[in-house]
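Colleague: Pasting a structure here, questions to come.
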Ligand SMILES: Nc1ncnc2c1ncn2[C@@H]1O[C@H](COP(=O)(O)OP(=O)(O)OP(=O)(O)O)[C@@H](O)[C@H]1O
Ligand SMILES: [Mg+2]
């Protein structure tokens with residue numbers, strides 16, 4: 001089967017640092033594909049090039065077989081790619097529900113609509129609320145985003161990614177900074193999503209990774225040193241040496 | 001109905017005061033105050049328009065006075081040629097024609113300067129909008145046909161159906177109603193889907209782009225709307241002062257507009273109007289007391305901005321707002 005996302009020969013350097021070094025990667029429709037790697041391996045940089053936030057120096061990115069390498073981020077979103085941020089990135093001045101509603105609104109035609117109050121458009125608000133309920137933030141819907149805890153912000157990131165209805169979700173360390181209970185909830189939640197969405201998951205929490213991933217790629221110094229099933233990765237010598245062994 | 005907020009009450013009271021006081025002054029023979037109120041209301045429209053992009057869009061434009069000038073010159077130039085001949089294509093006292101001209105020139109100017117300025121951010125945006133404003137200033141300064149620096153006297157005001165702009169009271173009512181409409185318009189826009197995108201992009205552009213919004217064009221649209229509204233204020237100002245000069249576009253004028261918005265409170269409905277009112281009244285009072293009024297004026301403004309968070313409207317903020 002043709003992969004949903006195909007990355008070929010991706011390169012990106014910052015000054016002297018090669019953050020992405022000739023990366024090839026296939027993400028198959030419906031899978032949860034985890035990317036693991038030590039700090040500074042270039043995981044976030046890779047995601048940013050897939051979402052369109054960063055321009056690669058070389059290489060191509062194909063979505064459903066068509067070249068999106070030079071497409072800006074907002075166009076990729078329209079084509080069905082969404083991302084969550086390792087460092088929470090929300091509209092802090094708006095309510096929790098407003099944040100998710102903006103994600104729903106983005107898929108509801110253009111927004112050059114000047115007259116009707118956005119907060120009174122039932123189908124958008126309802127859909128936003130549904131997604132908040134899914135991540136357990138129903139009670140917080142009308143609170144100011146800035147008033148929420150770090151853990152709740154992480155939940156909002158997920159609700160927004162869900163609400164965007166993107167086929168491909170790029171999740172950058174969604175568990176970062178969560179307590180064990182919150183992490184477990186999120187793992188269970190992502191497990192339920194399995195098959196409905198395609199997920200590229202960056203995660204440091206190995207328990208989460210092995211519980212969720214269909215396939216795992218290991219990124220070290222910007223290079224993918226191995227891709228395979230979880231068991232293959234666990235027993236891969238190079239991986240043990242470069243990464244897992246260090247733990 | 002929802003309970004009205006303190007800011008909502010303040011807005012209502014402020015607008016009622018502006019509706020009642022000037023007619024009262026006129027009836028009691030204090031025409032001077034009607035003049036003052038008219039100026040304050042017209043500049044209020046300009047400040048309201050600036051607030052759309054500055055307050056809600058995070059675009060700190062330092063060249064907004066250019067739109068006032070363009071709107072005013074649209075009246076001045078057409079009227080000039082109608083009086084003295086030449087340029088038959090646009091020579092006219094017809095107010096509707098002048099208005100269309102004022103608004104469309106403002107729109108085109110906003111589209112061109114906005115498209116370029118919005119490629120930059122923050123302090124660069126501020127500088128480039130200021131540079132465009134100064135370009136407009138120098139352009140009109142160099143137009144000898146229209147007396148360059150010395151400016152142009154408008155001998156005949158815009159002729160409009162039903163309204164006689166030669167009547168101070170009618171001019172005031174038109175300006176006041178325009179201000180109310182402008183405030184309502186901005187409020188409506190801000191609460192619409194478009195407004196949500198605009199405010200989202202001010203707060204977190206990266207997030208909005210990731211969601212699929214091409215924020216550049218949303219900003220540009222807001223910039224054009226704002227420019228057209230400000231051009232309209234210029235149309236009124238030209239008719240009010242009946243004297244126009246490049247000085248209306250000088251960067252210090254843009255700075256004053258910006259100050260009014262910040263003084264009154266950005267991202268609030270009444271803020272810009274309150275700011276322009278206080279600004280004009282203070283200027284008037286202090287300059288009647290002392291020749292060296294700029295100094296106390298500056299001090300008062302700085303104190304307000306520094307110690308009242310969110311401008312004067314910040315004083316009306318309820319708990320938890
Ligand atoms: N904008 C930037 N400018 C310069 N260097 C950068 C930039 N972004 C990332 N880098 C460098 O590129 C390398 C990869 O960074 P990246 O953030 O992608 O790593 P990561 O795998 O996501 O790390 P972490 O696990 O800490 O999130 C690092 O050496 C980092 O310092
Ligand atoms: Mg990272």
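Colleague: Report the residue count in region A:129-160 for those that are in contact (Cβ under 8 Å) with a residue 40 or more places away in the chain and within 13 Å of residue A:86 (Cα to Cα).
Modeller: Here the count works out to 6.
Colleague: Okay, moving on. Of the numbered conditions (1) touching a helix residue (DSSP H, G or I) at 6+ places or on another chain (Cβ under 9 Å); (2) crowded, with 21+ Cβ neighbours inside 10 Å; (3) within 25 Å of residue A:78 (Cβ to Cβ); (4) in contact (Cβ under 8 Å) with a residue 40 or more places away in the chain, residue A:124 fails exactly one; give the number of that condition.
Modeller: Among (1) touching a helix residue (DSSP H, G or I) at 6+ places or on another chain (Cβ under 9 Å); (2) crowded, with 21+ Cβ neighbours inside 10 Å; (3) within 25 Å of residue A:78 (Cβ to Cβ); (4) in contact (Cβ under 8 Å) with a residue 40 or more places away in the chain, residue A:124 violates only (4).
Colleague: Considering every residue within region A:144-165, establish whether at least one is within 16 Å of ligand 2 (Cβ to nearest atom), under 25 Å from residue A:100 (Cα atoms) and touching a strand residue (DSSP E or B) at 6+ places or on another chain (Cβ under 9 Å).
Modeller: Checked region A:144-165: at least one residue is within 16 Å of ligand 2 (Cβ to nearest atom), under 25 Å from residue A:100 (Cα atoms) and touching a strand residue (DSSP E or B) at 6+ places or on another chain (Cβ under 9 Å).
Colleague: Turning to a different aspect of this structure: All but one of (1) in contact (Cβ under 8 Å) with a residue 24 or more places away in the chain; (2) under 24 Å from residue B:18 (Cβ atoms) hold for residue B:308; state the number of the condition that does not hold.
Modeller: Here residue B:308 meets the rest and fails (1).
Colleague: I've got another one for you. Please pick out the residue among B:99, B:89, B:70 that is in contact (Cβ under 8 Å) with a residue 12 or more places away in the chain and farther than 14 Å from residue B:159 by Cα.
Modeller: B:70
For every residue, the table says whether it meets (1) touching a helix residue (DSSP H, G or I) at 6+ places or on another chain (Cβ under 6 Å); (2) facing chain A (nearest Cβ under 9 Å).
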{"site": "B:156", "(1), (2)": "yes, no"}
{"site": "B:164", "(1), (2)": "yes, no"}
{"site": "B:200", "(1), (2)": "yes, yes"}
{"site": "B:204", "(1), (2)": "no, yes"}
{"site": "B:207", "(1), (2)": "no, yes"}
{"site": "B:220", "(1), (2)": "yes, no"}
{"site": "B:223", "(1), (2)": "yes, no"}
{"site": "B:226", "(1), (2)": "yes, no"}
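Colleague: Would region A:57-73 turn up any residue that is within 11 Å of chain B (Cβ to nearest Cβ), without any contact (Cβ under 8 Å) to a residue 40 or more places away in the chain and not in a helix (DSSP H, G or I)?
Modeller: Yes, the conditions are met somewhere in region A:57-73.
Colleague: Still on this structure: Determine which member of the set B:305, B:261 is within 21 Å of the chain's Cα centre (by Cα), part of a helix (DSSP H, G or I), modelled with pLDDT under 90 and more than 26 Å from residue B:143 (Cβ to Cβ).
Modeller: From the options B:305, B:261, the qualifying one is B:305.
Colleague: Hey, another quick one. Only one of these is in contact with a strand residue (DSSP E or B) (Cβ under 6 Å, 6 or more places away or on another chain) and either modelled with pLDDT of 95 or more or surrounded by fewer than 24 Cβ atoms within 10 Å (Cβ to Cβ) (or both): B:243, B:279, B:235. Name it.
Modeller: B:243
Colleague: Next question, about the same structure. Among the residues of region A:100-110, what is the count of those that are buried (at least 23 other Cβ atoms within 10 Å of the Cβ) and at the interface with chain B (Cβ under 8 Å from one of its Cβ atoms)?
Modeller: Total meeting the criteria: 5.
Colleague: Moving on. For a quick check of your reading: which strands (runs of 3 or more DSSP E) sit entirely within region A:195-237 and have at least 1 residues that are surrounded by fewer than 20 Cβ atoms within 10 Å (Cβ to Cβ)?
Modeller: In region A:195-237, the matching strands (runs of 3 or more DSSP E) lie at A:215-220, A:223-228.
Colleague: Only residues that are within 8 Å of ligand 1 (Cβ to nearest atom) and in contact (Cβ under 8 Å) with a residue 12 or more places away in the chain: list them for region A:21-46, please.
Modeller: A:37, A:38, A:41, A:42, A:43, A:44, A:45, A:46
Colleague: Look at region A:33-49 and say how many of its residues are within 10 Å of ligand 2 (Cβ to nearest atom), in a helix (DSSP H, G or I) and within 15 Å of residue A:14 (Cα to Cα).
Modeller: Of the residues in that region, 5 qualify.
Colleague: Testing residue A:85 on (1) assigned by TED's automatic domain parsing to the domain that holds residue A:222; (2) assigned to a loop (DSSP other than H, G, I, E, B); (3) under 18 Å from residue A:200 (Cβ atoms), one condition comes back false. Which one is that?
Modeller: (1)
Colleague: Same structure, new question: Among residues belonging to region A:90-99 that are surrounded by 18 or more Cβ atoms within 10 Å (Cβ to Cβ) and facing chain B (nearest Cβ under 9 Å), point out the one that is farthest from residue A:120 (Cα to Cα).
Modeller: Among them, the one singled out is A:90.
The values are calculated or read from the model by the stated rules, or taken from the named source; none is laboratory data. Just so you know, these numbers come straight off a predicted model, no measurement behind them. Backbone-built Cβ (ideal geometry, glycine too); neighbour counts: all protein chains shown.
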